[in-house]
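What follows is a single structure, written as structure tokens, with notes after it.
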Amino acid sequence: MTINDPINDGHVPVWDMPTRIYHWGQAGLVTLALVTGFLIPTDWLNIHVIIGTLIAMLLVFRVVWGFFGSEYARFGSFIFHPRRVVEHLNSVLERAPAPHLGHNPAGAVMVTLLMVVVGLMLASGYILLGGTYKEGPFATVFSYASGESAGSVHTLLAYGLIGLVLIHVLGVWVESRLSGENLIRAMVSGVKRQTAAAPAWPPRSARPLTTGFVLTGIGYLIAVGLVWSLRQPPAVPRLAPDPIYKAECGGCHWVYHPSLLPAATWRRLMTGLDDHFGEDASLAPERAAAITAWLTSHGAETWDTLPAHRLGTLDPAGPPRITTAPFWKRQHSHIPPAIFKSIKGGPGACDACHTDADSGRFSFRRIDRQHRLLLQPPSPKATP
Amino acid sequence: MKQVTFLALTTCLMAFAVSDLRAAEANPARDAIMAGLGAEAKASDPAFAGFSPQRGQALYGAKSTVGKPDTPSCTTCHTADPTQMGQTRAGKEIDAMAVSKTPNRFTDPEKVAKWFGRNCNSVLGRPCTAAEKGDFLTYLIGR
């Protein structure tokens, strides 16, 4: 079977090279995105974002190719009347599907659904990245609340996409069995058996030049958008610590970012300094008052970051600790205790692992993994 | 006011005479702190006969069961050897307490008062007396 000689062996080219590259690229990357999205720990999540960006690039190309590609790549070649879709499904149930060179009507619906769902997942993913994590091109555009809503949509769509992919694979397998033509091999070689069902119109050929032109235009618009997003003020406003706070509260440990506790909890912590987690940390009253004023006016309530929203709901009667908050414990439950032991200051030394801790952002992209990767079993002489 | 300063200065000279201060460089701010402590000690105990580095060393290494359980001794954070770097319970390094290693130690009266206030309460469960403070500083100035 060769593509060069379609007439002689009864095969005709159907899927052009770009469509095939798109198909298998998309199949591989979407699988990877699903696996990483569901399974990898937060500090590796940047891989998922990179995969998503590659999928976005492929999808943009595919949409343009849907207008300027060769015949069977064009959206116009797989728009069917709903009645034809029902007819086709019936013919499958009767084990005699009508042959189609391009997508059959049921396949066309599936392909469209897959592209729409992947597109929506990309959109919700970028809103989640910007709103919740204050990262990526939309960091300054979306609020935490929109990020969280987009996150729920993103997760729901992911389950939906798994279902769609399974049905898609099942459909291909059934059609291949019933029609006697291996559709998977056809998506590799690009050729299909000549059937009577060729379209009534002469096959349109690809317009690579126009495609290149349109893609350049889109690329230009994206570049302009990126430059704009890079020139925005930081998504998490920079706040230098009050000098008195820094001097008095940075002597024994990291200078905790004020967004990490709600104002009421800061106030309570500041009134119990004579018994501060098992130590006397008392201060001259006027300096304590200045610190209390600064901390409570910059508490969790005044920030739109992930830790501020999740720690800002701390039980006001509980201990004024970040590291006993349920959210904090859940986030760090993957980390073996030996890692925290290996760090000077233990769990409370946020800045030992979070390189953006001083900004209060705590992005998953700024977690120093060397503690995890370099973890050695504790040497015997280290224990007294 | 003048009389108090005069009294402080004379007590300071007395303190110098009986304690081993030769190892450390003279520093006016630190001298003033020592003088103040000397005057205070004299005022509360007329029999006060100067600070002792030996008593200071004993206080530095003493184990206490009275204070907060996590901080039984000054050495918990300042390490047994005052010429070494210490570490807080929350992991921050503390410069060596020995003046020979950290020359600007005990030169800010507010800082000294604040940390004596905190650490004596944490370790001993009570404020330190002026004599204890003076002994402690004398020991570290000589190290």
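The values are calculated or read from the model by the stated rules, or taken from the named source; none is laboratory data. Please read all numbers here as calculations on a predicted model, not as lab measurements. Every residue, glycine as well, gets a Cβ built from its backbone with ideal geometry; the counts of neighbours run over all protein chains shown. Heavy atoms of the whole protein, side chains included, go into the accessibility calculation; ligands, DNA and RNA do not. Shrake-Rupley method; radii C 1.70, N 1.55, O 1.52, S 1.80 Å.
When the accessible area of the stretch B:27-141 is computed with all protein chains present and a 1.4 Å probe, what percentage of it is carbon and sulfur?
Numbers: 3120 of 5480 Å².
That share works out to 57 percent.
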Exercise for the section: Search the structure for amide H atoms under 5 Å from the amide H of A:ALA281, placed 1.01 Å from N in the peptide plane, and list their residues when 5 or more places away or on another chain. Expected result: A:ASP274, A:ASP275, A:HIS276
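Please compute the length gained on full extension between A:SER282 and A:GLU301, using 0.36 nm multiplied by the number of residues separating them and subtracting their Cα-Cα distance. Present the calculation step by step, with values, prior to reporting the outcome.
Working: separation 19, 0.36 × 19 = 6.84 nm, distance 2.60 nm.
Length gained between A:SER282 and A:GLU301: 4.2 nm.
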Exercise for the section: Can you tell me which of A:337-345, A:359-367 comes out highest on packing, and rank the rest after it, using the mean Cβ neighbours within 10 Å? Expected result: A:359-367, A:337-345
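Total accessible area buried between chains A and B, 1.4 Å probe, in Å² to the nearest 100?
Values: alone 21690 and 8550 Å², together 28870 Å².
Counting both chains, the buried surface is close to 1400 Å².
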Problem - the stretch A:60-81-the stretch B:47-67 distance, computed between alpha-carbon centres (Å) - result: 88 Å
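Kindly report the accessible area of the stretch A:11-229 per residue (heavy atoms of protein chains, probe 1.4 Å, no ligands, DNA or RNA), in Å².
Values: 11640 Å² over 219 residues.
Per-residue accessible area for the stretch A:11-229 comes out at 53 Å².
Quick one: accessible area per residue over the stretch B:51-109, 1.4 Å probe, rounded to a whole number of Å²?
On the way: 3130 Å² over 59 residues.
Each residue of the stretch B:51-109 exposes 53 Å² on average to a 1.4 Å probe.
Which of rounded, prolate or oblate describes the stretch B:27-141 when judged by the alpha-carbon gyration tensor and an a/c cut-off of 1.5?
Details: a/c = 1.78, a/b = 1.27, b/c = 1.40.
Oblate, since a/c reaches 1.5 and b/c is not below a/b.
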Completion exercise
Relative to chain A, whose Cα atoms define the longest principal axis, helix A:105-131 and its Cα axis are tilted in degrees, nearest 10, by 20 degrees
Practice task
Only Lys, Arg, Asp and Glu count, each charged at its Cβ (+1, +1, -1, -1), so figure out the dipole size of the stretch A:20-133 about its Cα centre, rounded to 20 debye.
Solution key: 240 debye
Practice task
Report the FRET efficiency, 1/(1 + (r/R0)^6), for A:VAL86 and A:VAL141, where r is their Cβ-Cβ distance and R0 is 41 Å, rounded to 0.05.
Solution key: 0.45
Fill in the blank from the handout: Measuring from the longest principal axis of the C-alpha atoms of chain A, the long axis of helix A:82-93 (C-alpha) lies at a number of degrees, nearest 10, equal to 80 degrees
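Around A:ALA247, under 12 Å between beta carbons, what's the net of Lys plus Arg minus Asp minus Glu among the other residues?
Details: positive: A:LYS246, A:ARG287, B:LYS111, B:LYS114; negative: A:ASP242, A:GLU248, B:ASP108, B:GLU110.
Net charge in that neighbourhood comes out at 0.
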Problem - Of all accessible heavy-atom area on chain A, the percent that carbon and sulfur account for (1.4 Å) - result: 68 percent
Handout entry: Chain-alone versus full-assembly comparison, the stretch A:253-295, residues with accessible loss of at least 40 Å² (1.4 Å probe)
Key = A:GLY278, A:GLU279, A:ASP280
Handout entry: Between helix A:45-68 and chain A: long-axis angle, C-alpha atoms, 0 to 90°, nearest 10
Key = 30 degrees
Practice task
Divide by every residue of chain A the summed helix terms, -39500 (n - 2.57) for each DSSP H run of at least 4, and state the resulting mean residue ellipticity at 222 nm, rounded to the nearest 500 deg cm²/dmol.
Solution key: -17500 deg cm²/dmol
Handout entry: Sparse-neighbour loop sites [trypsin sites (Lys or Arg not before Pro); the stretch A:46-155; at most 10 other C-beta within 10 Å; DSSP]
Key = A:ARG95
Problem - Shielding by partners, peptide B:111-119 (average Cβ within 10 angstrom, other chains) - result: 3
Handout entry: Part-to-part distance (alpha-carbon centres) for the stretch B:103-117 and the stretch A:118-136, which is given in Å
Key = 52 Å
Exercise for the section: Whole Å is fine, so just give me how far the alpha carbon centre of the stretch A:159-180 lies from that of the stretch A:274-313. Expected result: 57 Å
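Using 0.36 nm per residue of separation minus the Cα-Cα distance, give me the extension gain between A:LEU156 and A:ALA338 in nm, one decimal.
On the way: separation 182, 0.36 × 182 = 65.52 nm, distance 3.59 nm.
Additional length available on full extension: 61.9 nm.
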Problem - Threshold 10 Å² - residues in the stretch A:318-362 whose accessible area is reduced by that much or more when the chain is no longer isolated, probe 1.4 Å - result: A:LYS344, A:GLY345
